[in-house]
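Heads up: the structure comes next, in structure tokens.
The values are calculated or read from the model by the stated rules, or taken from the named source; none is laboratory data. Because the structure is a prediction, the values reported are computed rather than measured. Don't worry about glycine lacking a Cβ; one is built from the backbone with ideal geometry, like all the others, and counts go over all protein chains shown. All accessible areas refer to the heavy atoms of the entire protein, side chains included, with ligands and DNA or RNA removed. Shrake-Rupley method; radii C 1.70, N 1.55, O 1.52, S 1.80 Å.
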Amino acid sequence: MGMGYEHEHLLPLVKALLTAGNRLQPHPATDQPFRPSQGGPYCPLVDPIDFDVVRDLPRRAEVLLDEDNDAISCRHCWAMIYGGDHVHETLFQRR
């Protein structure tokens, strides 16, 4: 799974979630967990994140667990892992 990307430090979290039974959202062009986007690489999961699985795993201080929005993000590389209950907010939805 590792390819030397800046977000490689997040791969153990993804692997632990997949081992615990979560699944990657299918993509027709890749089976890699992280996909590129303008806002940074993202890893979409089908099911909600089981934070009990990742809470005690070693992680950098920049990696934030956002249980309220079903996401894990990194302030260093702008990568995000999001679960099935994640809400994608747009500027138009903010008030």
Taking a 1.4 Å probe, which of 8, 67 shows the most accessible area, and what order do the others take after it?
67, 8
Determine the share of the chain's accessible area contributed by carbon and sulfur atoms, expressed in whole percent, with a 1.4 angstrom probe.
51 percent
How would you rank 45-58, 20-33, 75-88, highest first, on the average number of other Cβ atoms within 10 Å across their residues?
75-88, 45-58, 20-33
J(HN,Hα) series, segment 28-36, from Karplus relation 6.51 cos²θ - 1.76 cosθ + 1.60, nearest Hz, glycine and proline x:
x, 9, 7, 10, 6, x, 9, 10, x
Write down the accessible area per residue of segment 1-60 in Å², having rolled a 1.4 Å probe over the full set of protein chains.
63 Å²
Estimated FRET transfer efficiency (residue 20, residue 78; beta-carbon r; R0 35 Å; 0.05):
0.90
Measuring from a point 7 Å past the Cα of residue 62 along Cα-to-C-beta, which residues in segment 73-88 have an amide N at less than 13 Å?
73-80
Quick calc: nm separation of the 7 Å Cα→Cβ label points for residue 55 and residue 31 -> 3.3 nm
Length released on extending from residue 85 to residue 47, taking residue separation times 0.36 nm less the Cα-Cα span:
12.9 nm
